[in-house]
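No value in this document is a laboratory result; all are computed from the given coordinates. On a predicted model such as this, the values are computed, not experimentally measured, just so you know. Backbone-built Cβ (ideal geometry, glycine too); neighbour counts: all protein chains shown.
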Amino acid sequence: MASIKDVAAEAGVSVATVSRVLNDHPSVSAEARTRVLAAVETLGYRPNAVARSLRTDQTHTLGLVISDVMNPYFTELARSVEEEARALGYSVIIGNADERPDLQDHHVRNLLDRRIDGLLVSPTDGGSPLMLDAARAGTPMVFVDRWIPGVDVPVVRADGRAAVRDLVAHLHGLGHRRLAIIAGPAATTTGRERVEAFREALGAYGLELPDAYTGQGDFQAESGRRVTEGFLDLPEPPEVVFAADNLMALGALDAVRARGLRVPDDLALAAFDDIPWFVHTDPPITAIAQPTGELGRAAVRALVDRIEGRPGESVTLPARLVVRRSCGEHPNPPQSPSPVQRSTS
């Protein structure tokens with residue numbers, strides 16, 4: 001493998017000149033720069049990234065801490081983050097918090113110790129002193145999907161309130177009146193926001209959300225199964241269960257099938273966070289879709305802006321309702337002029 005000394009010898013310049021060219025220093029003449037770059041190409045020289053980071057105080061590496069790598073939503077988010085970072089000249093190290101605040105902080109601490117240039121986090125809860133301290137210390141940071149109130153960093157997320165209103169209007173139009181929700185953790189902003197949006201949307205139709213129809217989940221499939229079993233045991237079960245994320249929806253579907261019941265004949269089902277699997281279930285699941293790829297790319301751009309001294313801006317993108325057949329819809333509904341997307345799958 002060629003060394004920087006080999007490049008200097010090939011180009012007929014000093015090692016210091018090669019170093020200045022590789023670090024884009026303005027003091028190098030155009031002729032010397034041309035010779036050095038030609039030598040780099042001829043020899044296939046690759047600078048030592050670790051050594052360079054010690055000189056420039058930059059590693060061109062981003063840290064990403066996601067809430068649950070098993071959740072297809074976060075898998076897609078991580079992929080879009082990695083693709084956009086690579087396009088901008090950065091690598092990504094990923095940590096999976098598994099919806100555990102202690103594991104989240106473990107990954108954040110390790111990433112900071114590795115001298116990453118910036119940090120993307122989807123927080124598992126709203127009370128991490130470590131991230132608050134990192135933000136106050138000036139660590140470039142962006143929250144994606146979820147955020148911690150009071151921490152002054154950009155937030156890149158989807159606004160699902162309008163889509164939840166569309167969902168409730170859709171369910172009301174189908175004749176459903178007893179609507180229940182499997183909520184996400186109250187410690188997360190998305191967990192709280194989706195319940196609030198659902199309750200507000202019901203109120204617009206004069207409907208209430210009784211305590212018996214509010215089940216506490218944790219964004220994991222097992223909690224969706226457990227909460228749905230509780231709903232089915234009620235003297236008057238709900239007509240519809242709205243799961244506040246995709247894994248809890250799959251757990252709810254398992255609970256219905258375990259009782260020998262069918263969706264939507266015995267219980268209708270809708271979900272927040274559309275995933276590719278939903279078109280393959282029987283019936284295909286009506287869901288609220290987030291622009292996951294766009295969120296990941298926007299988060300990287302906001303973080304790189306902060307790393308490179310530009311003001312990174314918060315970004316809010318709209319979610320949308322995708323109508324399928326898990327709530328009693330007709331297989332081929334008429335087209336609507338609204339932004340609701342309809343699928344005949």
statement: In nanometres, the difference between 0.36 nm per residue of separation and the alpha-carbon distance of Arg86 and Arg192 is 34.8 nm
- request: Considering only Ser27, Ser314, Ser91, give the residue with the highest GNM mean-square fluctuation for the chain, with springs between Cα atoms whenever their separation is below 10 Å.
  value: Ser27
task: Compute the FRET efficiency between Leu234 and Leu37 as 1/(1 + (r/R0)^6), taking r as their Cβ-Cβ distance and R0 = 41 Å, and round to the nearest 0.05.
output: 0.05
message: Give me the net charge for the shell around Met70: Cβ to Cβ below 11 angstrom, other residues only, Lys and Arg +1, Asp and Glu -1.
response: -3
task: Hey, for a label at Ala169 modelled as a point 7 Å past Cα toward Cβ, could you say which residues of region 314-332 have their backbone N under 15 Å away?
output: 319-323
field: Mean Cβ count within 10 Å, highest first, over the residues of peptides 195-201, 251-257, 283-289
entry: 283-289, 251-257, 195-201
Correct choice for volume of the Cα convex hull per residue in Å³ that was computed from the model, options (i) 118; (ii) 169; (iii) 181: (ii)
- prompt: Which FRET efficiency value, to the nearest 0.05, do you get for Val69 and Ala30 by plugging their Cβ-Cβ distance into 1/(1 + (r/R0)^6) with R0 = 51 Å?
  reply: 0.60
- request: With r as the distance between the Cβ atoms of Ala162 and Ile93 and R0 = 41 Å, compute the FRET efficiency 1/(1 + (r/R0)^6) and round to 0.05.
  value: 0.70
field: Among beta bridges that DSSP assigns inside the chain, antiparallel share in %, nearest 5
entry: 10
field: Rounded to the nearest 20 debye, dipole of region 170-220 from Cβ charges on Lys, Arg, Asp, Glu
entry: 140
- line: Note on region 132-264: the mean projected area of its alpha-carbon convex hull, in nm², is 9.0
message: Helix-only estimate, please: 222 nm mean residue ellipticity of the chain, summing -39500 (n - 2.57) across DSSP H runs of length 4 or more and dividing by its residues, to the nearest 500.
response: -13000 deg cm²/dmol
